[in-house]
1. What do you reckon, is GLY133 under 16 Å from the mean Cα position of the chain (by Cα), of a type in the set (Gly, Ala, Ser), closer than 24 Å to LEU109 by Cα and assigned by TED's automatic domain parsing to the domain that holds GLY112?
2. Within the bounds of segment 107-124, is there any residue that is within 25 Å of TYR75 (Cβ to Cβ), among the hydroxyl-bearing types (Ser, Thr, Tyr) and either in contact with a Ser or Thr (Cβ under 7 Å, 6 or more places away or on another chain) or in a strand (DSSP E or B) (or both)?
3. Just a yes or no: is a residue in segment 80-99 among the hydroxyl-bearing types (Ser, Thr, Tyr), buried (at least 21 other Cβ atoms within 10 Å of the Cβ) and under 27 Å from GLU250 (Cα atoms)?
4. Among the residues of segment 142-151, are any farther than 18 Å from ARG205 by Cβ, crowded, with 19+ Cβ neighbours inside 10 Å and either assigned by TED's automatic domain parsing to the domain that holds ASP69 or more than 15 Å from the chain's Cα centre (by Cα) (or both)?
5. Tell me which residues, restricted to segment 127-139, are under 16 Å from SER182 (Cα atoms) and not in a strand (DSSP E or B).
6. Can you name the residue in segment 152-173 that is within 26 Å of LEU241 (Cβ to Cβ) and charged (D, E, K, R) and, of all such residues, is surrounded by the most Cβ atoms within 10 Å (Cβ to Cβ)?
7. Among the residues of segment 223-239, write down those that are in contact with a Ser or Thr (Cβ under 8 Å, 6 or more places away or on another chain) and crowded, with 19+ Cβ neighbours inside 10 Å.
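The values are calculated or read from the model by the stated rules, or taken from the named source; none is laboratory data. Note that the structure is predicted; figures quoted are calculated from it, not measured. Please note: Cβ atoms are built from the backbone with ideal geometry, for glycine as well, and neighbour counts cover all protein chains shown.
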Amino acid sequence: MKKQIENVKQQAGTPQKQVTRQEAEKHDNEQDWWNVVDGDESGSLEDRSSAGRNSSHGGGVRDADGTFDSTTKTYFPDDKQSGGATSNILDCLPIGMQVELRGPTGEILYNGNGDFKIEGQKRHFDPVSLVLGGSGTTPGYALITRILISVNDGTRLRVVDANKSDKYILLRKELDQLETKSRGQLSVTHVLSHPGNRREGLKGRVNKEIIKKSLFEPNNKSVIFLCGPPVMIQKAALPGLKDWGYREDENMFGF
């Protein structure tokens, strides 16, 4: 196992753009958010999978000291796969170590109160729906928290979060707390393919019926963002959403 992790570390390349602590501290305001993802952002929505094996949630910069939290899901190497490069490096670092960051990056920027900048174009959407799965929760969570911590942002949110079982729900506690405190602004539906004895949420896999039951209807004011495993996105979510009336690059986008 140690040898595999060392190999993963060696394979991790140096970021094209590095951000120093001094540069990061300049982003000490609630408008600046960080979503650090190691992966290719190009391609059509159908080509994009989840945030990948090197995915992190970027939280809002704290007003007091200019710092932020990052939640990283680590995929350890095993006989079937080499594990996540960046996530394993972070997991092996001792507490107190410093790292350099790349970013902020991405083609979807949220400016508050339903205002987005998507691939360079200004757009306004309210309500907002999200279909998330596995590690794909990370970019969705960043958007959700950005909306809900803003005092005057009333953008409505509905989320379908798909996982294998309860223990695989990333940021479960945080999502539940946000939903409880939102006073109806946020609704989260958990979909579990192997729920065990869990009674809450829905059992099975994401399909057209679950999508129509849990999310906002498509129109010229609503938008939906997707991030999850390729099979879930390509085989289930996209066909159901397109059949319902959502249109790619108009009111349907992939993180």
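1. yes
2. No, because not a single residue in segment 107-124 is within 25 Å of TYR75 (Cβ to Cβ), among the hydroxyl-bearing types (Ser, Thr, Tyr) and either in contact with a Ser or Thr (Cβ under 7 Å, 6 or more places away or on another chain) or in a strand (DSSP E or B) (or both).
3. Within segment 80-99 (the criterion being among the hydroxyl-bearing types (Ser, Thr, Tyr), buried (at least 21 other Cβ atoms within 10 Å of the Cβ) and under 27 Å from GLU250 (Cα atoms)), the answer is no, since none of the residues qualifies.
4. So far as segment 142-151 goes, no, none of its residues is farther than 18 Å from ARG205 by Cβ, crowded, with 19+ Cβ neighbours inside 10 Å and either assigned by TED's automatic domain parsing to the domain that holds ASP69 or more than 15 Å from the chain's Cα centre (by Cα) (or both).
5. So in segment 127-139, the residues under 16 Å from SER182 (Cα atoms) come out as 127-129.
The answer is PRO127, and nothing else.
6. Here the residue is ASP161.
7. Listed by number, the residues that qualify are VAL223, ILE224, PHE225, CYS227, GLY228, ILE233.
Yes/no per residue for (1) under 20 Å from the mean Cα position of the chain (by Cα); (2) surrounded by fewer than 19 Cβ atoms within 10 Å (Cβ to Cβ); (3) assigned to a helix (DSSP H, G or I); (4) assigned by TED's automatic domain parsing to the domain that holds ARG146:
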residue	(1), (2), (3), (4)
ARG183	no, yes, no, yes
VAL191	yes, no, no, yes
HIS194	no, yes, no, yes
ASN197	no, yes, no, yes
GLU200	no, yes, no, yes
GLU217	no, yes, no, yes
LYS221	no, yes, no, yes
LEU241	yes, no, yes, yes
